[in-house]
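First the structure, in the form of structure tokens, and then the observations on it.
The values are calculated or read from the model by the stated rules, or taken from the named source; none is laboratory data. Because the structure is a prediction, the values reported are computed rather than measured. Using ideal geometry, Cβ is built from the backbone for each residue, glycine included, and neighbour counts are taken over all protein chains shown. Side chains included, ligands, DNA and RNA excluded: accessible areas come from the protein's heavy atoms. Shrake-Rupley method; radii C 1.70, N 1.55, O 1.52, S 1.80 Å.
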Amino acid sequence: MATKEVKMYSDFKSPFAYLAFEPGLALEKRYQVKVSWKPFQLRIKDKGQRSIYSEHKTRYSYLDARRWAKPRGLVIRSQLKVYDTRIALIGGLFAQKHGQLLPFNLKVYELFWKRELVPDDADQVATLVANFGLSADEYRGYLASEGAVEYDRLQEEAAADHIFGVPIFVFENEPFWGYDRIPMLEERLVEAGLVREPGA
């Protein structure tokens, strides 16, 4: 049976995308799918620009994310500002190109949510790239050229897929929005006959 694609759109400034990232990629172990990571830049209003109701929703979202994160030992602290994560997301594309997507992105999430990484600081991202045995200089070149082009292309792909938030998984043009929608996505994969046989 041919392998099907599952797209996974995410952004480092979403705690729920953090929660979904590793389980999302792990779908490949249980189903005959290729999970394609797609960076998507969330457009979020900063504190002071949101309505009081949006502030309530934001506080609740962090509370809910922490409840999901605690059993997994993940730390999620509220952020002091809304960051443009483009530089770090292109770092993820660079890591993916060199077979380091999962460990690199998990480290970015971990450090960002502990407030130990500024995702729009190219020097910090380049240092992290080097920590994975990759070339910081190559990353800088990629950020200024090929990576920027690929990032823009993927934002266009996200628009074509009608992506509005993260994490969003897309399987056969059907979107699944949220960490808690992974079980529903898995139901669709079972229905499609994509469960991997033991040892396959």
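Structure values in brief
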{"quantity": "Residues within segment 29-48 that are open to solvent by 60 Å² or more (accessible area, probe 1.4 Å), at pLDDT 95 or above and either of a type in the set (F, W, Y) or out of contact with any Ser or Thr (no Cβ under 8 Å at 6 or more places or on another chain) (or both), tallied", "calculated": "2"}
{"quantity": "Those residues of segment 49-100 which are within 30 Å of E138 (Cα to Cα) and open to solvent by 60 Å² or more (accessible area, probe 1.4 Å), in sequence order", "calculated": "K81, D84, R86, Q96, K97, H98, G99"}
{"quantity": "Qualifying residue in segment 1-15 (condition: surrounded by 16 or more Cβ atoms within 10 Å (Cβ to Cβ), within 17 Å of the chain's Cα centre (by Cα), of a type in the set (G, A, S) and in a helix (DSSP H, G or I))", "calculated": "no"}
{"quantity": "From the options L63, L19, residue that is at pLDDT below 95 and outside any loop (DSSP other than H, G, I, E, B)", "calculated": "L63"}
{"quantity": "Residues (among the charged types (D, E, K, R) and within 22 Å of F112 (Cα to Cα)) located in segment 138-157", "calculated": "R140"}
{"quantity": "In segment 79-101, residue farthest from S145 (Cα to Cα) [restricted to those that are assigned to a helix (DSSP H, G or I) and out of contact with any helix residue (DSSP H, G or I) (no Cβ under 6 Å at 6 or more places or on another chain)]", "calculated": "Q96"}
